[in-house]
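Chemist: The structure is given below, and queries will be raised subsequently.
No value in this document is a laboratory result; all are computed from the given coordinates. All figures in this text were calculated on a predicted structure; none of them were measured in a lab. Neighbour counts are summed over all protein chains in view; Cβ atoms, including those assigned to glycine, are modelled from backbone coordinates with ideal geometry.
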Amino acid sequence: MWEHEQLVVRTGRRSGMTTMVALHSTEAGPAVGGCRMKSYDQITDAVTDVLRLSKAMTLKCAAAGIPHGGAKSVIVVDRPLTQRLRREVLLDHADLINEFAGAYRAGPDVGTGPDDMAVLRELTPHAYCLPEEQGGTGSSSGPTARGVLAALKAASQHVFGTHDLTGKKVVISGFGSVGELIARGLEGAEIVVSDVDESRRTGEFGWVHPAQAYQVEADVLVPAAVGGVLSPETVARLDVRLIVGPANNQLTDDSVAGLLEQRGVVWVPDHVASAGGVIYTLAREDDGADHETALKRVDGIEETVRELLRSRQ
């Protein structure tokens with residue numbers, strides 16, 4: 001069943017690359033969502049991704065009490081990106097964003113960052129998270145990680161009887177900017193990390209191959225990389241009691257949530273745990289809040305998770 005208001009796919013006139021926007025809902029307000037830049041095996045995979053991600057953004061905004069709907073955009077990388085080609089496809093994407101006349105407002109996502117948002121802003125006003133020196137809030141990794149840590153506090157209290165994870169084993173799958181910040185925020189825990197990029201391996205934390213990350217016996221699993229990682233097959237091999245992480249669309253389909261419950265695994269939905277970045281950005285850039293006020297709003301994720309888990313008892 002079609003749930004989205006719009007899906008627009010374009011071939012960029014400068015780059016010749018495919019760029020798309022999925023607008024899931026504007027019922028609560030203009031839709032917000034990140035711009036993802038990555039390669040896909042087939043164009044249909046990109047369409048599936050943008051549709052699922054945009055729906056997740058609607059849920060994220062609703063759970064966070066933000067007066068916005070959800071959307072997402074994807075730039076399909078089909079050849080090596082030179083500096084010139086990257087700029088051209090971003091300008092093409094800005095053209096597409098402008099077609100929505102403010103109904104879609106973009107931010108960074110996998111494969112993009114503040115500098116890319118600055119390129120978008122050359123042609124569209126509808127881009128968040130420009131570099132701080134250009135008046136934006138920069139990377140949202142810090143607030144996103146802070147929100148996950150807030151969610152972990154409430155969930156740990158629910159599962160283990162304490163918000164303190166000291167001595168607990170935590171596996172973090174995906175050791176990028178957000179995953180690393182989460183690891184460093186869990187003082188006293190036994191941290192094991194995993195990433196497809198072997199160069200990120202250090203002696204500071206334990207390490208496991210990505211293929212094994214969801215089979216390690218641990219107390220907590222933190223999915224912090226790509227989505228679609230929790231399938232019926234994966235759930236059958238899990239040996240953890242709690243899953244909380246920032247990766248979007250962690251379940252391969254909604255039925256997996258029931259499988260987790262059957263196995264006694266508490267899962268905090270990713271659209272709740274990963275909302276710190278959008279909460280912070282909109283507080284600063286839309287509402288004019290200062291840094292500390294915006295962070296307090298991010299910390300509110302702890303109470304959201306507490307109420308969510310209380311309602312499941």
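Chemist: Tell me, how many Å apart are the Cα centres for the stretch 202-222 and for the stretch 71-145?
Modeler: Distance between centres, Cα-based: 32 Å.
Chemist: Further, regarding this structure: P(r) of the stretch 6-134 in 5 Å steps, Cα pairs, percent per bin?
Modeler: The calculated distribution, bin by bin, is 2, 12, 23, 25, 21, 11, 4, 1.
Chemist: Return a whole-number percent for the relative contact order of the stretch 6-134, with Cα pairs under 8 Å and 6 or more residues apart as the contact set.
Modeler: It comes to 29 percent, rounded to a whole number.
Chemist: What is the set of long-range amide H partners of Arg36 at a cut-off below 5 Å, with H atoms built 1.01 Å from backbone N?
Modeler: Amide H neighbours of Arg36, under 5 Å, 5+ apart: Ser73, Val74, Ile75.
Chemist: Here's a follow-up. Tell me the mean residue ellipticity at 222 nm calculated for the chain from its helices only (DSSP H runs of n ≥ 4, each -39500 (n - 2.57), averaged over every residue, nearest 500).
Modeler: -12000 deg cm²/dmol
Chemist: Related question: Which entries in the list Lys60/Lys153; Lys38/Lys296; Lys38/Lys168 go over 27 Å, if you measure between the two C-alpha atoms of each?
Modeler: Lys38/Lys296; Lys38/Lys168
Chemist: According to a simple spin-label model (label point 7 Å from Cα along Cα-to-Cβ), what is the distance in nm between Glu303 and Glu99?
Modeler: Each label point is offset 7 Å from its Cα along the Cβ direction, giving 4.2 nm.
Chemist: Another one. If R0 is 25 Å, what FRET efficiency do you get for Glu292 and Phe160 from their C-beta distance, rounded to 0.05?
Modeler: Taking R0 as 25 Å, the efficiency between Glu292 and Phe160 is 0.25.
Chemist: Further question: Among Met17, His291, Gly227, which residue has its Cα positioned farthest towards the positive end of the charge dipole of the chain, with +1 placed on the Cβ of Lys and Arg, -1 on the Cβ of Asp and Glu, and the dipole taken about the Cα centre?
Modeler: Met17
Chemist: Restricting to Cα pairs below 8 Å that are 6+ residues apart, what does the relative contact order work out to for the stretch 69-224? Please round to a whole percent.
Modeler: Relative contact order here is 15 percent.
Chemist: For the chain, what does the alpha-carbon gyration tensor say about shape, rounded, prolate or oblate, given a ≥ b ≥ c as the root eigenvalues, a/c under 1.5 as rounded, and a/b over b/c as prolate?
Modeler: prolate
Chemist: Something else now. Taking a quarter of the surface of the Cα convex hull of the stretch 97-148, what do you get in nm²?
Modeler: Taking the Cα atoms of the stretch 97-148, their convex hull projects to 4.0 nm² on average.
Chemist: Here is a follow-up. Quote the relative contact order of the chain in percent (integer), defining contacts as alpha-carbon pairs under 8 Å separated by 6+ residues.
Modeler: The value is 15 percent.
Chemist: Please give the residues of the stretch 104-135, grouped as numeric ranges, whose backbone N is less than 19 Å from a label point set 7 Å along the Cα-to-Cβ vector of Val8.
Modeler: Residues 104-108, 117, 119-128 qualify, since their backbone N sits under 19 Å from the label point.
Chemist: Can you give the FRET efficiency for Gln134 and Thr44, using 1/(1 + (r/R0)^6), R0 = 35 Å, r = Cβ-Cβ distance, to the nearest 0.05?
Modeler: After rounding, the FRET efficiency stands at 0.45.
Chemist: In Å and whole numbers, how far do the C-alpha atoms of the stretch 187-230 stretch along each principal axis, longest first?
Modeler: Largest to smallest, the principal-axis extents are 28, 26, 16 Å.
Chemist: What's the magnitude of the charge dipole for the chain around its Cα centre, counting Lys and Arg as +1 and Asp and Glu as -1 at the beta-carbon? Answer in Debye, nearest 20.
Modeler: Rounded to the nearest 20 debye, it is 180 debye.
Chemist: If you add up the charges near Arg312, with Lys and Arg at +1 and Asp and Glu at -1, over every other residue whose beta carbon is less than 12 angstrom from its beta carbon, what do you get?
Modeler: Residues near Arg312 contribute 0 overall.
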